[in-house]
Amino acid sequence: MAYNLENVERKDFPAGRTLTAQDIADNRATIDNIRLWDWRPLQQTYSQLQEMRLYYEFKNIDIDRYNIDGRYRQVMLAIREMNQDQLSVQAQTWINQKLIYTHGYGIAMSPVAGVTKEGLPQFLLKDIPPVTETDLTVTRPEIYYGESNDGYVFVNTKTKEFDYPQGDGNAYTTYEGDGGIKIGSFVRKAVLSLALTDYKLFLTGDIDKDSQLLLHRNIKERVPKIAPFLSYDGDPYPVITSQGEIVWLWDAYTVTNMYPYAEPFDNRRNNYIRNSVKLTINAYNGDVNFYVADAKDPIIQTYSKIFPGTFKPLEEMPADLQEHIRYPEDLFNIQARMYTLYHMTDPQVFYNKEDKWVMPTEKIGKEETNMDAYYTITVLPGEQEPEYILITPFTPQNKKNMIAWMAARSDGENYGKLLIYEFPKQELVYGPMQIETRIDQDPVISQQIALWISEVPRY
């Protein structure tokens, strides 16, 4: 109950069946969304093809799903953020860092299963300004708030802001949002200069009463300053709204170490967790909104009473953002790790740990490492429509075969439901490392992989 595992639905999953061509034809929605790209090499590819200038940087590759031209598709995407540290040494002046190079620009997106003839991503969104041949639109590509650590900047100053590179020159802009702190008066300017220990703010004539100070622009710094009593997922992800704006979605948790008799999941001895909050951060003006995702959680009920008006019902989140809510990976990993023991309901079997499962491993390059949970679009057994789920397999302790797999559902009214599909124990189902071994033993495939790995440093 501390980990919400008493509501897991257990189902049997058949084994030993042979996949046919008709199965492939009948499940195109699943096949077309099998992820061919790993985010690690894809981040290098995005950097090579889409960063455009030294001062731009893709911090992360994120995974999401969109209805694009009438098709439900899983995509990988990244925000093009500003990294002022990569400006040339001569360009790292106060004027450039605080007044001119104030924001990143645009987004790159590609389908998880799309590959060109040259082996490159099939970009659905690319270039500066953003270009697309789909029904996606980006009307506000400027990124003032993101995962960059460039610090505070001033906007609406007498100095035009760099917007994006354009041919042999640059395009410039002026901030149109209402984010930040208005400079307002000479006294406030002096106070801010003192608070920031930045005397150049006080001396410069470029900043007037209409200028704005944008503070705490790194969202991982910004949001915990507002709600330090919440715990946060490790992976905020950007969403393109139906109006073409870029908004960050982020999962937050309520935790405690005071749940009776529950086993801890971290070194702070926390033994209870709920994904009680979904929050949004506008990448242009920095607006933060907190939405209650688990109204039954007593901790978030208490916080809502302590801070009235801070937390809104999830139903008030804009519908286009609700379509991108997903089951958070950090919570899923904790639940899956706990379930390796607590799927055993017979007291004697549990006491002797006779049926302990373990989290699987995989090969990254030449090293064996823990396998990441995996977002995908598929039609679950017994269902009719494809849906966005998060999955992970389990293997028996000291064995490599697969014994079961867990799925967390993310779409519509099924959001938050956990399913366990168990394989027959008398039949062998290959686990991830056994599949890796079979790949290594195939001379044609292993020869190609060895060739690719040897070429990675040159790439």
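Where a number appears in this text, it was derived from the coordinates with a stated rule and is not lab data. Here the structure is a predicted model, which is why all the values come from computation and not from measurement. Cβ atoms come from the backbone with ideal geometry, glycine included; neighbour counts cover every protein chain shown.
Values for this structure:
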item: Relative contact order of the stretch 214-310, pairs being alpha-carbon contacts under 8 Å that are 6 or more residues apart, as %; result: 19 percent
item: Computed [θ] at 222 nm, deg cm²/dmol, the chain (DSSP H ≥ 4; -39,500 (n - 2.57); rounded to nearest 500); result: -6000 deg cm²/dmol
item: Within-15-Å neighbourhood charge of G16 [Cβ basis; K, R +1; D, E -1]; result: -2
item: Cα-based reach from K312 at 17 Å (exclusive), listing lysines while leaving out same-chain residues under 8 positions away; result: K278, K296
item: Theoretical FRET efficiency, 1/(1+(r/R0)^6), r = Cβ-Cβ of L54 and N149, R0 22 Å, to 0.05; result: 0.85
item: Mean Cβ count within 10 Å, highest first, over the residues of peptides 222-234, 206-218; result: 206-218, 222-234
item: The stretch 408-425 - phi-based ³J(HN,Hα) in whole Hz, Karplus 6.51/-1.76/1.60, Gly and Pro as x; result: 10, 8, 10, 9, x, 6, 8, 4, x, 6, 9, 10, 10, 10, 9, 8, x, 6
item: Relative contact order, percent, the chain [alpha-carbon distance under 8 Å, six or more residues apart]; result: 14 percent
item: Computed over the stretch 32-217: relative contact order in percent, which uses C-alpha pairs under 8 Å that are six or more apart; result: 19 percent
item: Order of K417, K98 under a 10 Å beta carbon neighbour criterion, fewest first; result: K417, K98
item: Alpha-carbon spread of the stretch 167-325, three principal axes, descending order, Å; result: 63, 38, 32
item: Cα centroid separation - the stretch 98-115 against the stretch 182-201, whole Å; result: 32 Å
item: Modelled FRET efficiency - R0 25 Å, T302 with K220, Cβ distances, 0.05 increments; result: 0.50
item: Mean-position separation - Cα centroids, the stretch 401-444 and the stretch 323-364, in angstrom; result: 13 Å
item: Cα-based reach from K158 at 25 Å (exclusive), listing lysines while leaving out same-chain residues under 8 positions away; result: K98, K182, K189, K200, K209
item: Partner lysines for K11 [C-alpha distance under 24 Å; skip if fewer than 8 residues away on the same chain]; result: K353, K356, K399, K400, K417, K425
item: Longest DSSP-loop-exposure-free segment, GluC sites (Glu not before Pro), the chain, at most 15 other Cβ within 10 Å; result: 177-353
item: Check: the stretch 1-64 dipole with +1 on Lys, Arg Cβ and -1 on Asp, Glu Cβ, in debye; result: 160 debye
item: Amide proton proximity set for T361, modelled H, under 5 Å, gap of 5+; result: M371, M433
item: Two-site FRET efficiency, T20 against L428, from Cβ-Cβ distance with R₀ of 25 Å, rounded to 0.05; result: 0.75
item: Pair E362, Q448: separation of 7 Å Cα→Cβ label points (nm); result: 1.8 nm
